[in-house]
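The values are calculated or read from the model by the stated rules, or taken from the named source; none is laboratory data. Keep in mind the model is a prediction, meaning the values are calculated, not measured. Backbone-built Cβ (ideal geometry, glycine too); neighbour counts: all protein chains shown.
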Amino acid sequence: MAKVVLEDIGVPIGKLLDSTEYESNVRHMRSLEQTILERRDEVAAGWGPEYVERVHHKGKLTTWERIDLLKDPDTPVFPVGTFVNYGIEYGDPPRKSPGAGVVTAFVKVCGRHTVVIANDNTVASGSWWPQTPEKIIRAQEIALRLRVPVIYLIDCSGLNLPEQANTFPGKYGAGKIFKMNSLLSAEQVPQVAGVFGDCIAGGGYMPIISDKVVMTENAYMVIAGAALVKGGKSQTITSVDIGGPDIHVHISNCADMRAPDDPTAIEMIRREIEKLPTTAIEYYRYGMSPVEPRFPTTELTGLMPVDYRMAYDMRQVISRLVDASLFWELLPEVGQEMIIGVGRVSGLYTGFIANNQFLTEHPEDPHNTRPGGLLYQQGIAKISAFSRACNADGIPIVWLQDISGFDIGPEAEKHGLLGYGSDLLYTNSTNTTPMITILLRKASGAGYYAMSGHPYDPVLQLSTPITRLAVMEGRTLAIGAYRTKLDHNFNIITDDPEERAKVEQGMAGVEARITKDMDPFRSARQRDTDEIVLMGELRDYLKTIIEMSYQSIGYRRVKTPRIWSLHDLAAMFRRI
Amino acid sequence: MFRRILIANRGEVAARIIRAAKKLGVETVAVYSAADEDSPHLEDADLRVCIGGAQSGDSYLNMRALLQAALQYDCQAVHPGWGFLAENALFARLCEQQKTTFIGPPPDVIALMGDKAKAKETMRAAGLPLIPGSDGVVSSLTEVRDIGDRVGYPILLKARSGGGGKGMRVCRGPELLAEMYEQASIEADKAFGDRGLYVEKLIEKGRHIEFQVLADAFGHAVHLAERECSVQRNHQKLIEEAPSPAVTNELRREMGERVAKAAAAAGYVNAGTVEFLMDEEGNLYFMEMNTRLQVEHPVSEMITDIDIMEHQFRIAANQPLALQQEDIAFEGHAIECRINAEDPFDDFAGSPGSIERFEPPAGGNGEIRVDTHVRQGATIPPFYDSMICKLIAKGENREKAIDLQLAALRRFTIEGVSTTIPAHLALLESEEFRSGEYDTGIVPRVLTALQQGGGR
């Protein structure tokens, strides 16, 4: 029966935990989320009201005002890379670069999902800081993977020259942006650029490869601006005279359309997007309408325990992410430490691979149990097979990570986990179906890699307020570091009170430093994750990226559910 | 706004464009033919370029030369004015191809409105009334009879492939219909090899009423009320006025809104004019759309205080139209007389030559406007139209406007060539014009009476 029959897996929150515990969990999560919300506001404010005023004084809109006009009314914007460079200061006097001076976001324009790349003109005139090129390249990469149109809103005074050594020469230096422009173009990914102000040197190259370029009367695109021309050629002339719309729209043909002001330019960009083919999303819903889960996603704030070592029901996390809380779990009998299956997100089939947190039965020793959140032989085999099947069927895969790592010890080696693990890495490395990785909580060691962590090119990786991304937990590392001072139960051996205190202090120090490094802001700051989202936002981000995965046709395999490879997997293991 | 534009026109038109450009801080490149090298307006342009010989085909209609000049002088746009290439879709297309913005509607719209049958179909679909008649070619006499009964006599039978009056019959009653239908069909068959006829109500004593519209590139359109252009001789307008004495405020509001909506629906962009024929009962029927600014646009500018040409520039530079219909007020009455170097007593024969004296009446409180390129000593060459200037008067009402215009015409001194001023005086003084109840037959009636009465 090659049918996809989804079953209700939702359990009301009241049956999962008592209200005291629930409320305490919510309070804990809310306090973490509060920090995220405050820091988002801080980043969105750029360099503050003084710089907003400057932008307005020039007759221009701020970047966020532009995005607000660009998006379809009443649709949310999904930023990525918000916290890149968060808290880092560059230059003399030292200055922060909120969002690395660029907004990259998923924005719905004329009913189509688009990737918007917009220089933040309230941060150093939209210039490029260290990590700005990498942030732009990442957004281009997502668009290229999913063939989603890119809209550039350019207002960029060029490289932040004092920091040029960090942004110019490398493999991911600014020049890579133009290479991505070219690759996007070569793959027929529509690119539309609006030039709203400065667009100097590198900034000048960014729009040109776009299919459509709109310039406002305030805009100019130049290899070198007035200052450099004055220095080099002893000519006094304004930058707009050198490379404004009068030159580029009508004479050089480096741009296509002129617009009197920002709102008109944005309207013209919208009209270009409207000319593109509409989306295939509805087509791939196979007649089902998108529907919210039976239990709201926001309940995840109370489902996740305060203590990161405590278990929770991963199936109930899934039930709060998928449409109507309906899910088809495959092979539940084998490799029980892993949960695999298919649900719909916004009506679109999506594969889920998640770590069961509970103790499970040892397959060869039914009287014994093993901790969850680890990778054992059968679980690895199961998710490898599922990952391959989803890839064969063109089903996007969501990896829900809460993983401490691979199992270790004699049994692990005897079972050949190195081999099984490598097979999984190979599978994920060569998958072409879109993969989305959510670091729900722990993302430790090789488990982070094996479950399609960032180095394995997911189209999007999200962290939550409680994500702990590291090779190992601080406590584990402290034990490793002080191994010679500890007995088999990890207790300090010495009886000398002074020595004891020293070891205790040392271990606490290691643990604290590692825990601090596991702060999701650290990975977000250095682009090791794409965005930190609130628990309640997880489904909204998922809906967007899944819709984006089904928006365009003709570039990847999407099989009818009738002939899914998944059915083979299910049929072979079905108990008769 | 554009830094520099090319003016693909001459004379009074070019002078008007230079004035609008200066107001917007736009540089102008004026072109001229060998016959126009001394035209006074050239001094007012920032740059001048000769584009060919005296014949229009070598100069003002020479697309290659104009396009080349626009490129060579780094122009962002071309203003075609009116006449010459203003409604030439190919020229507009060539301009767009080389990214020199054509200040006017998009080429497709020019082409659409240039095809009269398609234009009528488009505007009917967009909600404008057409002259009642058959829906295409009629298939039988019975059908024609039904149409006659429905729309009322007289009716006009016209050959589908017709022209020059062949296969055309006016039928004043049902009793003659069979005979006329037969005659027209045979005549059409003989002349064009096509018996196809269509039928429409014949409008006698029609009035020429046209609505001015402005539409931006974003689907927003407004109307600037109507002009009455019924004072014509051989389809050449002599006197225009706004508003029309035959249009009530209600009709203006209702039809104006329909016109603006229809223009937007048809994808119209920039300034345009929607022409109607008005029957004796005051019904308006769409005739055609002129995809350019009209010669007589100043009367609309006078009663609305809106510079239409300035808006042409802004719309071409993709500026959204800031005007809202409810903000546009129509105040007073404006009358324009086209003063040509022609002899009104010799069937308006051209009278080119040197203008030895040119003393236009003084303006006074913006009541009098003179649109011209002419100065004393200028020459009206024989190769082009013979326009010397346009004289426009505005009064608080029609009566006052006529009086002001008469006074201005009497103060106007032009020597060296014959002008149409005497005809204007006679028309404005005529009882028929002053009554406001005139139609397109007024010019021969008044002028014949004038000549017979020895008024010369």
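I'd like the full set of residues that are over 25 Å from the mean Cα position of the chain (by Cα) and not in a loop (DSSP other than H, G, I, E, B), limited to the stretch A:271-319.
A:Arg271, A:Glu272, A:Glu274, A:Tyr283
Considering only the stretch B:24-65, state which residues are under 24 Å from the mean Cα position of the chain (by Cα) and within 24 Å of A:Asp246 (Cα to Cα).
B:Ala30, B:Val31, B:Met63
Can you pull out every residue in the stretch A:219-271 that is under 30 Å from A:Val115 (Cβ atoms) and among the basic types (Lys, Arg)?
Result: A:Arg258, A:Arg270, A:Arg271.
Determine whether the stretch B:342-354 contains at least one residue that is without any contact (Cβ under 8 Å) to a residue 24 or more places away in the chain, within 28 Å of B:Ala215 (Cα to Cα) and surrounded by fewer than 12 Cβ atoms within 10 Å (Cβ to Cβ).
no
Just to verify a result, which residue in the stretch B:290-346, among those that are assigned to a strand (DSSP E or B) and within 26 Å of B:His220 (Cβ to Cβ), is farthest from the chain's Cα centre (by Cα)? It would help to see each step written out before you state the result.
Going through the stretch B:290-346, the residues assigned to a strand (DSSP E or B) turn out to be B:290, B:333-340, B:342-343.
With within 26 Å of B:His220 (Cβ to Cβ) added as a condition, the list becomes B:290, B:334.
Working: B:Asn290: 7, B:Ala334: 16 Å.
Among those residues, the one meeting the criterion is B:Ala334.
Taking the stretch B:80-101, which residues are within 14 Å of chain A (Cβ to nearest Cβ) and either assigned to a loop (DSSP other than H, G, I, E, B) or closer than 18 Å to B:Val213 by Cα (or both)?
Residues satisfying the conditions are B:Gln98, B:Lys99, B:Thr100.
Looking only at the stretch B:319-341, which residues are at pLDDT 95 or above, within 14 Å of chain A (Cβ to nearest Cβ) and surrounded by fewer than 20 Cβ atoms within 10 Å (Cβ to Cβ)?
B:Pro320, B:Leu321 - these are the residues of the stretch B:319-341 that are at pLDDT 95 or above, within 14 Å of chain A (Cβ to nearest Cβ) and surrounded by fewer than 20 Cβ atoms within 10 Å (Cβ to Cβ).
Anything in the stretch B:290-318 that is more than 18 Å from B:Thr100 (Cβ to Cβ), within 14 Å of another protein chain (Cβ to nearest Cβ) and not charged (D, E, K, R)? List them, or say none.
Hit for the stretch B:290-318 is B:His311, nothing else.
Yes or no: B:Val109 among the β-branched types (Val, Ile, Thr) and either within 14 Å of chain A (Cβ to nearest Cβ) or part of a helix (DSSP H, G or I) (or both)?
It is true that B:Val109 is among the β-branched types (Val, Ile, Thr) and either within 14 Å of chain A (Cβ to nearest Cβ) or part of a helix (DSSP H, G or I) (or both).
Look through the stretch B:8-33, keep the residues that are β-branched (Val, Ile, Thr) and over 15 Å from B:Gln68 (Cβ atoms), and return whichever of them is farthest from the other protein chains (Cβ to nearest Cβ).
It comes out as B:Val13.
Mind listing whichever residues of the stretch B:352-394 are in contact with a strand residue (DSSP E or B) (Cβ under 6 Å, 6 or more places away or on another chain), closer than 23 Å to B:Pro298 by Cα and among the small types (Gly, Ala, Ser)?
Result: B:Ser386, B:Ala393.
Enumerate the pairs (first residue in the stretch A:403-423 and part of a loop (DSSP other than H, G, I, E, B); second residue anywhere and aliphatic (A, V, I, L, M)) with beta-carbon separation below 7 Å, excluding pairs fewer than 6 apart on the same chain, so at least 6 apart or on different chains.
Going by the 7 Å Cβ cut-off, the qualifying pairs are A:Ser404/A:Leu374; A:Asp407/A:Leu374; A:Asp407/A:Leu375; A:Asp407/A:Leu417.
Could you tell me whether A:Val26 is in a loop (DSSP other than H, G, I, E, B) and either surrounded by 12 or more Cβ atoms within 10 Å (Cβ to Cβ) or among the aliphatic types (A, V, I, L, M) (or both)?
When the stated conditions are applied, A:Val26 does not pass them.
Do any helices (runs of 4 or more DSSP H) entirely within the stretch A:206-256 hold 2 or more residues that are farther than 16 Å from A:Glu272 by Cβ and away from chain B (no Cβ under 13 Å), and if so, which?
Those helices (runs of 4 or more DSSP H) span A:226-233.
Quick one: what pairs do we get from the stretch B:115-127, first residue of a type in the set (Lys, Arg), second surrounded by 18 or more Cβ atoms within 10 Å (Cβ to Cβ) and in a helix (DSSP H, G or I), C-beta under 6 Å, 6+ apart or different chains?
B:Lys118/B:Leu112
I'd like to know if the stretch A:351-358 contains one or more residues that are of a type in the set (Phe, Trp, Tyr), buried (at least 19 other Cβ atoms within 10 Å of the Cβ) and out of contact with any Ser or Thr (no Cβ under 8 Å at 6 or more places or on another chain). Reasoning before the result, please.
If we filter the stretch A:351-358 for residues that are of a type in the set (Phe, Trp, Tyr), which is where we start, we get A:352, A:358.
Of the ones still in play, those that are also buried (at least 19 other Cβ atoms within 10 Å of the Cβ) are A:352.
From what is left, the residues that are out of contact with any Ser or Thr (no Cβ under 8 Å at 6 or more places or on another chain) are A:352.
Yes, the conditions are met somewhere in the stretch A:351-358.
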